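For reference, the structure is listed below as C-alpha cells.
The values are calculated or read from the model by the stated rules, or taken from the named source; none is laboratory data. Here the structure is a predicted model, which is why all the values come from computation and not from measurement. With ideal geometry, Cβ positions are generated from the backbone for all residues, glycine too; neighbour counts draw on all protein chains shown.
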Amino acid sequence: MADDTTAQPSKKLYIETVGCQMNVLDSELVVARLRDDGYELTDDIDQADAILYNTCSVRQHAEDKIYSALGRIKNLKREKPGLSIGVLGCMAQKDQGSILKRAPHVDVVIGPGQLGRVPELLSKARAEEKPQLAVSLARNAGSRDRVTSSFDSYDADREPAVRPSPHQAYLRVMMGCDKFCTYCIVPSVRGPEQSRPPDAIVAEARLLALQGVKEITLVGQTVNSYKHKTPDGRVARLSDLLARLHDIDGLVRIKFITSFPNDMTDDLLQAVRDLPKVSRYIHVPAQSGCDDVLKRMKRMYTVAFYEEMLARLRETIPGSSVSSDFIVGFCGETDESFEKTARLLERSRFKNSFIFKYSARTGTKADSLFPDDVPDEVKRRRNHILLDLQTAISLEDNRAFIGREVEVLVEGPSRSTTRKEGWDGPDQLVGRTTCDRIAVFPGPESLAGEMARVRIEQASAVTLFGGLAGGANGRTA
Ligand code: 5AD
Ligand code: SF4
C-alpha cells in the first residue's frame, strides 16, 4: 500500500556506496536532495524507510555484491511494505530493467545521469505502487548532443554529513569518458565526456571552503583531460582551474584524480610544482607494461611513452609520488606480457598500485572482440605477484622517511587504532603528506583539519608512524 510520505515527520534513509570517488560524491548529492525531502540518514538498515545502493559496474564482483545485498533485504520488504528500495548509479544504467526482473522488490532503478530525480521517483514509485526506471541514452542512441543531454549534471547541493571527513570533499570537474578503453564499461554508463564550467567549479569550491573544507579532491574519469571552452573562445585547462582554486581562502590542499597518461601536459606538471596547495601526488594508471596488451586495451600509448611521461613528471615535480592501476589477465596476456608488466611496475617505483583481475563486461569492445582466455587462477597468481612487488617497493620507499620530519594535513582520528575496541593508548591521528603518504601519530583530536609536523619513527608499506615534532602540539602556521 502507498503511504502518505508528506505526513511523516522524518523518514530514515540507509545508503550504501560502492565503487569510485565519483560514486561517493554522487551519494553526497543524493543525500542532500533527500534531506530536503524530509529524510534523515541512518546506519541501521532495519530502521530504514528507504534503502539505496549506489552501485559500480567496473567489475563483476562489485555487481555480485549488490545482487546478494538485494537478496538479503527481500524479507525486510515483505515485513515492511512501505519500504523503498533503490538501485542507483552505474549498474542501474548498465542492467536497467533486468534489475527489476532479477529483484522485483526494487522500487527505483536510476542511472548516474538521472540522480537529480531520486526524490521524485521514490515518491512516484510509492504513489503509483509501480517500480520506476530512469536511465540515460546509450552512447549509440543518437547524436552526441542528444546523448550528452540525457546525462544531467546536477550541481552543488552539498551534504557535509556523508563526506569522508568534515575537512575533505570531492568536487566534480568533469563527467563521463571518451577514451573507450576496450575493457571498460565507464564510457557507456557515465556517458560522453563533459567538462563543467570553471566558474561553477570555483563557486562550489568557495562554498565548500566556507563550510570548513580544507582539502578538495577534483574528480573526473580522466581529470587531466579537463578542457572548457567559454563562448568567447577561451579555453580553461586543469592547470588554469588549479590556479584559480589555489586563491581560495581556507583551502589548504587540492588534489585531482584520475589522470590519463597521454594528457599529462607540461602546464599541468608546472602548476603542481608551482602551487604549494596542490598535492604532489598523481594517480596515472599504466594498466599494463606490454605494448601488445596496451594496444588491445586501446590505451593509445606505448610503455616507452608512459615511462617518458613518468620521467618528465618526476623531473618537473621534485618530491612527488605517483600511483598506478594495473589489470592482470587481460585477454591474450601471456606469461611474457605479464613479465613486462612486472618489470614496468618495478622500474616505476609507484607509491602504490591498485591491481585488478580482468573482468569481462558485457557491452565493451574487449568482450565482443577477444576471448577472456586467462584462467582465473592465473589472474589470481599474477595479481599476487604484482601486489608483492609493489608492497616491497612501498615498504622500501616508506622506510626512507624514518628519521625525517614531514608536514601533514591532519584528517582526524585514525580508524585503525582509536576506534578499535579495547584500545587504551593515546588518541591516534591520521594525516597525509603532500605526496599523499599516510602518517599515524598520537595527538589531540582538535588538530583535525590543521597542518602538523610529524617526525617519522617507523614505516609499513602503507603507513608512516611517528610523533608530533617541535612546538606546541606540532601545529604549523
Ligand atoms: N576489469 C578489471 N579491472 C577494470 N578496470 C576497469 N575496467 C576493468 C575491468 N573490466 C580497472 C582499471 C581502472 C580501474 C578504475 O578499474 O584499472 O583504472
Ligand atoms: Fe575507463 Fe579508460 Fe575512461 Fe578510465 S580512461 S574510465 S579506464 S575508458
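Values as computed for the structure displayed
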read-out	value
Selection within segment 189-208 - within 15 Å of ligand 1 (Cβ to nearest atom) and either modelled with pLDDT of 95 or more or out of contact with any Lys or Arg (no Cβ under 7 Å at 6 or more places or on another chain) (or both)	ARG190
Every residue from segment 263-283 that is in a loop (DSSP other than H, G, I, E, B) and within 20 Å of SER353 (Cβ to Cβ)	MET264, SER279, ARG280
Subset of segment 290-304 [over 23 Å from LYS227 (Cβ atoms), crowded, with 20+ Cβ neighbours inside 10 Å and within 16 Å of ligand 2 (Cβ to nearest atom)]	VAL293, LEU294, ARG296, MET297
Single condition THR434 does not satisfy, out of (1) over 30 Å from PRO187 (Cα atoms); (2) touching a strand residue (DSSP E or B) at 6+ places or on another chain (Cβ under 6 Å); (3) β-branched (Val, Ile, Thr)	(2)
Restricting segment 304-339 to residues that are part of a helix (DSSP H, G or I) and in contact with a Pro (Cβ under 6 Å, 6 or more places away or on another chain), the residue that is farthest from ASP274 (Cα to Cα)	TYR306
Selection from segment 442-453 of residues that are in contact with a helix residue (DSSP H, G or I) (Cβ under 8 Å, 6 or more places away or on another chain) and either more than 23 Å from GLY212 (Cα to Cα) or in a loop (DSSP other than H, G, I, E, B) (or both)	GLY443, PRO444
Within segment 108-132, tally of residues that are among the aliphatic types (A, V, I, L, M) and surrounded by fewer than 18 Cβ atoms within 10 Å (Cβ to Cβ)	1
Residue in segment 274-282 that is among the acidic types (Asp, Glu), within 16 Å of ligand 2 (Cβ to nearest atom) and at pLDDT 95 or above present	no
Within segment 87-103, tally of residues that are touching a residue at least 12 places away in the same chain (Cβ under 8 Å) and more than 18 Å from GLY19 (Cβ to Cβ)	4
Some residue of segment 235-258 being more than 26 Å from VAL135 (Cβ to Cβ), in a helix (DSSP H, G or I), more than 16 Å from ligand 1 (Cβ to nearest atom) and among the polar types (S, T, N, Q)	yes
Subset tally (residues that are touching a strand residue (DSSP E or B) at 6+ places or on another chain (Cβ under 6 Å) and without any contact (Cβ under 8 Å) to a residue 40 or more places away in the chain) for segment 219-235	4
Extreme residue, nearest to the chain's Cα centre (by Cα), among residues of segment 342-380 that are of a type in the set (S, T, N, Q) and away from ligand 2 (no atom under 16 Å from the Cβ)	ASN352
Pick from segment 320-336, criterion more than 16 Å from THR258 (Cβ to Cβ) and within 16 Å of ligand 1 (Cβ to nearest atom), ranking: surrounded by the fewest Cβ atoms within 10 Å (Cβ to Cβ)	GLY332
Qualifying residue in segment 284-303 (condition: assigned to a strand (DSSP E or B) and modelled with pLDDT of 95 or more)	yes
Any helices (runs of 4 or more DSSP H) falling wholly within segment 109-225 and containing at least 2 residues that are more than 18 Å from the chain's Cα centre (by Cα)	118-128, 144-149, 198-210
Failed criterion for CYS56 (all others in (1) at pLDDT 95 or above; (2) away from ligand 1 (no atom under 16 Å from the Cβ); (3) of a type outside the set (Ser, Thr, Tyr); (4) under 30 Å from VAL223 (Cα atoms) hold)	(2)
Some residue of segment 189-197 being over 30 Å from VAL293 (Cβ atoms) and more than 9 Å from ligand 2 (Cβ to nearest atom)	yes
Selection from segment 355-405 of residues that are within 12 Å of ligand 1 (Cβ to nearest atom) and loosely packed, with under 15 Cβ neighbours inside 10 Å	THR362, GLY363
